[in-house]
Amino acid sequence: MADRTIETAVAELLRRERDREDGGKVTERWPDLDLGTAYRIQDAVLDRKVRDGETVVGVKLGLTSRAKQRRMGVDVPLTGWLTDAMTMAPGELAPVGRLIHPRAEPEIAFIMGERLSGPGVTAERAMRAVASVHAAFEVIDSRFRDFDFTLPDVVADNASSSRFVISARAVPPDGLDLAAEECRLDVDGRTVDTATGAAVLGHPANALALAANELAGRGKAIEPGWIVLTGGLTDAHPLRAGGTLCAEFASLGALSLTGTT
């Protein structure tokens with residue numbers, strides 16, 4: 001894809017986000033879109049947002065669950081960016097009226113204490129760079145109709161990023177068994193799903209290491225103080241105005257998310 005074509009894709013994705021409008025896949029018009037070019041689109045979208053005043057606050061992983069990969073028709077995890085415009089405080093209502101078709105999923109989040117730079121980062125090395133562990137919700141909101149995309153499409157769309165919230169409770173990583181960390185998800189008071197941290201590539205530290213190594217190939221690293229969302233533990237559930245999702249973690253505590261117009 002030529003630079004002009006990349007600029008066209010960037011402009012269209014930003015317009016859809018601004019106008020709350022979904023549409024067809026990028027790959028419908030450019031079927032030869034490869035993964036490397038898709039990440040160039042993702043980075044160019046971020047550059048536009050930073051120029052408009054947003055600040056990078058972390059990274060996110062998507063499709064880290066094998067079951068979700070099969071469901072969405074992709075076969076590898078992906079990384080995306082978090083900015084301050086996506087951040088919500090605990091208890092803040094999620095602005096579903098400003099989104100297209102939001103869904104939410106519980107996650108395990110890290111706040112980084114040290115810079116983490118690949119290549120060659122292992123899960124053990126990744127965990128040594130973590131300052132604290134948090135319960136989290138991510139609100140995803142694809143710019144593609146019906147969340148229908150290929151891997152290059154969703155990479156270009158910054159892994160369906162939208163909003164996120166992490167708990168105020170900060171748990172030190174030492175002594176936690178995050179692979180066994182249990183999570184129960186309730187929607188409007190009814191339990192709909194359960195999972196453990198092993199749903200995220202066997203252990204959330206594997207997702208963190210993967211992110212550091214993938215970013216290294218783009219000349220980037222995970223910086224101190226950044227937030228890392230390690231990927232959904234359960235299916236993502238629709239988030240509607242007045243609806244509430246609550247995630248109860250065994251060690252990380254509880255976190256709830258309510259939608260509003």
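When the residues of segment 28-42 are filtered to those that are touching a residue at least 60 places away in the same chain (Cβ under 8 Å) and surrounded by 17 or more Cβ atoms within 10 Å (Cβ to Cβ), the one that is nearest to residue 98 (Cα to Cα) is 42. Per the conditions (1) touching a residue at least 60 places away in the same chain (Cβ under 8 Å); (2) out of contact with any helix residue (DSSP H, G or I) (no Cβ under 7 Å at 6 or more places or on another chain), the sole criterion not satisfied by residue 160 is (2).
Yes or no: segment 134-156 includes at least one residue that is in a loop (DSSP other than H, G, I, E, B) and in contact with a His (Cβ under 8 Å, 6 or more places away or on another chain). Before the answer, list the steps.
First, pick out the residues of segment 134-156 that are in a loop (DSSP other than H, G, I, E, B): 141-143, 148-150.
The next check asks that each one be in contact with a His (Cβ under 8 Å, 6 or more places away or on another chain); those that pass are 141-142.
Within segment 134-156 (the criterion being in a loop (DSSP other than H, G, I, E, B) and in contact with a His (Cβ under 8 Å, 6 or more places away or on another chain)), the answer is yes, since at least one residue qualifies.
Of all residues in segment 52-66, those that are closer than 13 Å to residue 79 by Cβ have Cβ atoms under 8 Å from Cβ atoms of residues that are among the charged types (D, E, K, R), 6 or more apart or on another chain, in 60/138. Is it fair to say residue 178 is at pLDDT 95 or above, part of a loop (DSSP other than H, G, I, E, B), within 21 Å of residue 165 (Cβ to Cβ) and out of contact with any Asp or Glu (no Cβ under 7 Å at 6 or more places or on another chain)? Here the answer is yes, as residue 178 does meet what is asked.
Hey, can you tell me all the residues within segment 114-149 that are of a type in the set (A, V, I, L, M) and in contact with a Phe, Trp or Tyr (Cβ under 7 Å, 6 or more places away or on another chain)?
Initially, segment 114-149 is screened for residues of a type in the set (A, V, I, L, M), giving 116, 121, 123, 126-127, 129-131, 133, 135-136, 139-140.
Within segment 114-149, 130, 133, 135, 136, 139 meet the criteria.
Looking across segment 190-223, the residues that are surrounded by fewer than 16 Cβ atoms within 10 Å (Cβ to Cβ), in contact (Cβ under 8 Å) with a residue 40 or more places away in the chain and either within 21 Å of residue 257 (Cβ to Cβ) or of a type in the set (Lys, Arg) (or both) come down to 192, 194, 218. Residues being among the β-branched types (Val, Ile, Thr), over 18 Å from the mean Cα position of the chain (by Cα) and farther than 28 Å from residue 33 by Cβ are entirely absent from segment 156-167.
Given 124, 54, which one is surrounded by fewer than 22 Cβ atoms within 10 Å (Cβ to Cβ), in a loop (DSSP other than H, G, I, E, B) and at pLDDT 95 or above? Write out each step before concluding.
On the way: 124 fails: in a loop (DSSP other than H, G, I, E, B).
Criteria check complete, one pass: 54.
For residue 165, the conditions (1) touching a residue at least 60 places away in the same chain (Cβ under 8 Å); (2) over 30 Å from residue 16 (Cα atoms); (3) assigned to a strand (DSSP E or B) are fulfilled apart from (2).
The values are calculated or read from the model by the stated rules, or taken from the named source; none is laboratory data. Computed from a predicted model, the values in this text were never measured in an experiment. Counting neighbours? That spans all protein chains shown, and the Cβs are built from the backbone with ideal geometry, glycine included.
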